[in-house]
1. Starting from the Cα gyration tensor of the stretch 1-114, multiply each eigenvalue by 5, take the square root, and state the resulting semi-axes largest first in whole Å.
2. Stick to the Cα atoms of the stretch 40-93, pair each with every other, and give me the Kirkwood hydrodynamic radius in Å at one decimal.
3. With a 10 Å Cβ neighbour count serving as the proxy for reagent exposure, in which order, fewest first, do 97, 231, 34 appear?
4. What does the highest-first list of 311-318, 233-240 look like by mean Cβ count within 10 Å?
5. Per residue, what volume in Å³ does the Cα convex hull of the stretch 248-300 take up?
6. Quick one: Debye curve from the alpha-carbon atoms of the stretch 119-200 only, equal weights, vacuum; give me log10 I(q)/I(0) at q = 0.12, 0.14, 0.19, 0.24 Å⁻¹ to two decimals.
7. Testing the spin-label approximation: label points 7 Å from Cα along Cα→Cβ at residue 227 and residue 327. State their distance in nm.
8. Distance in nm between label sites at residue 73 and residue 56, each 7 Å beyond Cα in the beta-carbon direction?
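All of the numbers you see were taken from the coordinates with simple rules; none came from a lab. These numbers were taken from a predicted model, which means no experiment stands behind them. When we count neighbours, we look across all protein chains shown, and the Cβ atoms used for this are built from the backbone with ideal geometry, even at glycine.
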Ligand code: IPM
Ligand code: MG
């Protein structure tokens, strides 16, 4: 089982190292790690945020464990050299069109949510975000208007096949959950969304047991804070999914707890090829100080074990160990506590050793 490890920038290396300690503690036979540079680190060393050798390491692996990319230091670089291009390039080049971002309330952490505890407690949703299309990957540029003014522009589009395949992913997920799907768009204004809604409705016909509704994104943002418990699977495009998944994480209490899986069509010997990353990003303000909460990276490892390595039992063990660590009161600074990265990783490793 080959795992490509791409720690990246900011707190990426710290939280990835913590996840690797957990992997080590599982003592799985036959796991080989291959490390590569991505993001600002790769730009410093190779002049590019996603060097060809890193892409090759990722391509030939069964799964990619990704940390984070980005640093304000690179804000003034041309777009194609910015660290974010590394993750966008990996998604595109590896065909990772389906981004799964689960967000669920953790018992005992309700008070950390900006929402009322009874609302936070009821959150158990999965954002299924399309990841290789939309305005993210459309043509873009700068032009000069007739009056001589500079204009930035980005093209937003979705093709039927792109919508159909992500819709199937989301409907299948809904089947294995509570059987409810909310497709989020802006069909009252955007042509892209009008087509999106049409295709999702067609696909819905193939899943009669799933209760489907369509919701405009502005309303969805409001419903997510007003009554988040109404959502099971949220199916949406790349841009809306980016925004709503951050919002969902804040509703749960901390962005430091949310993992993600990005999957494509490629199968490996053990499962689906995928890239796994915490959704919190590089947090340069706390990087290098051992303060970052590694639980999102550790939960991303659990998703990797489940989806890419066919190790459901081990994934469950990791998730239960994390739940016990949180229940025992070990909290990082993002959760109002003072446990550092190592202490949290230690606690998870220790819990793994307990029989469950
Ligand atoms: C995310 C991030 C990325 C995105 C950035 C780093 C390009 O915000 O994974 O949600 O916008 O997709
Ligand atoms: Mg984001």
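1. 25, 21, 14
2. Its Kirkwood hydrodynamic radius stands at 11.4 Å.
3. 34, 97, 231
4. 233-240, 311-318
5. 104 Å³
6. -0.49, -0.62, -0.91, -1.16
7. 3.0 nm
8. The two pseudo-label positions are separated by 2.7 nm.
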